[in-house]
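This report concerns only the one structure given below.
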Amino acid sequence: GAVVSQHPSRVICKSGTSVKIECRSLDFQATTMFWYRQFPKQSLMLMATSNEGSKATYEQGVEKDKFLINHASLTLSTLTVTSAHPEDSSFYICSAREGDRFDTEAFFGQGTRLTVV
Amino acid sequence: LAKTTQPISMDSYEGQEVNITCSHNNIATNDYITWYQQFPSQGPRFIIQGYKTKVTNEVASLFIPADRKSSTLSLPRVSLSDTAVYYCLVGAGGGGFKTIFGAGTRLFVKA
């Protein structure tokens, strides 16, 4: 089946620095990718929808200047956490669909564990 | 987007059949029902999807009544490795859709 790969799988950074997380669709083209954040024992929270060649659409309450999303190609979307703080420590997950419909399977990356110290 | 309601947690024993029911009272005509499984520190994994009646694959069955206001994920003969969180999602086709997760059901399989 289709594969979505995230990199890195875990990262530790100092407070105030920026961290970039990559999400790649390995064997299919993804016009749309999604970014989620998940805190311990909680469900996935949709942060933004990443659209190839255009600006991302952010969910209410998500700071677009803090969480920069770039979807430069049909196989790569990046999430940059700028000026990270300890409260940004979380599990970040991306997903993509092979088709542009809900009735196609969504594939998820393995997630990135971000720890800000 | 249709809201879903699932039990917060369920316990079972190895070898038993587990049924997890999800309520989605305001499901729309063109909405599909999808179930995902998530292990700790991993991304969710697709289990099964359906629109109506019954769907079966190699790992699970999905039962959807005629009114489609609920659905039941059935896991036959669970094992310890089936301990995970199971999410029920409802949504429609078309560009620009979102995949919104509810709280999910934590399944604990005991020996």
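The values are calculated or read from the model by the stated rules, or taken from the named source; none is laboratory data. Being a predicted model, the structure only gives us computed values, none of them experimental. Cβ coordinates were reconstructed from backbone atoms using ideal geometry, including for glycine residues, and neighbour counts include every protein chain displayed.
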Worksheet entry | Unique residue being aliphatic (A, V, I, L, M) and surrounded by 18 or more Cβ atoms within 10 Å (Cβ to Cβ) when the list is B:Val55, B:Val109, B:Val59 | B:Val109
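So that you can scan it fast, the table gives a plain yes or no per residue for (1) on the phi > 0 side of the Ramachandran plot; (2) among the polar types (S, T, N, Q):
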residue: A:Phe28; (1), (2): no, no
residue: A:Thr32; (1), (2): no, yes
residue: A:Arg37; (1), (2): no, no
residue: A:Met45; (1), (2): no, no
residue: A:Thr49; (1), (2): no, yes
residue: A:Lys55; (1), (2): no, no
residue: A:Gly61; (1), (2): yes, no
Practice prompt. State which residue is farthest from B:Gly43 (Cα to Cα) when the search covers only region A:30-64 and only residues that are of a type in the set (D, E, K, R) and at pLDDT below 90.
Written response: A:Lys55
Worksheet item: Say we look at region A:19-57 and pick out the residues that are closer than 23 Å to B:Cys88 by Cα, among the aromatic types (Phe, Trp, Tyr) and more than 8 Å from chain B (Cβ to nearest Cβ); which of these is surrounded by the fewest Cβ atoms within 10 Å (Cβ to Cβ)?
Response: A:Phe39
